[in-house]
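Derivation of every value follows stated rules applied to the coordinates shown; laboratory data play no part. Just so we're clear, the structure is a prediction, and the values are computed from it rather than from any experiment. Every residue, glycine among them, receives a Cβ derived from its backbone with ideal geometry; neighbour counts consider all protein chains shown.
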Amino acid sequence: MSALPITARITLPASARRGEVVTVRVLVRHAMERAIDAPGLTPMPRKILHTLRVTYAGEEVFRMALSPGITANPYVEFTTIATETGDLVFEWEEDGGATYRREARLVVT
């Protein structure tokens, strides 16, 4: 897994009551441009995010297929139910096999 080239802004409540519906917002910045390495040469492979997968307390709570029309800097909003204190793990898969991972903690009271 790679640490770059994405940055993600993940917004969720710092804490929630057990059973509460929690809204999760994610904005990711990702360079996806297809580049030419030199004039007249073959384009470098494009880098496009194609899947976002989110797990919470070890269970998948969200999955989304992304397409080139929305992947430059995708914004995603979804809800989940607060069940226990744990990490939401966000994984983006990119063409070519790279996976990018970020985490955010939800404290359940």
**Message:** Using the basic label-point model (7 angstrom from Cα toward the beta carbon), what is the Arg46 to Val21 distance in nanometres?
**Reply:** 3.6 nm
**Complete:** FRET efficiency (Val107, Val76; Cβ distance; R0 22 Å; to 0.05) is 0.50
**Message:** Testing the spin-label approximation: label points 7 Å from Cα along Cα→Cβ at Ile10 and Glu60. State their distance in nm.
**Reply:** 1.8 nm
**Item:** J(HN,Hα) series, the range 93-109, from Karplus relation 6.51 cos²θ - 1.76 cosθ + 1.60, nearest Hz, glycine and proline x
**Value:** 9, 10, 3, x, x, 5, 10, 10, 10, 9, 10, 9, 9, 10, 9, 9, 10
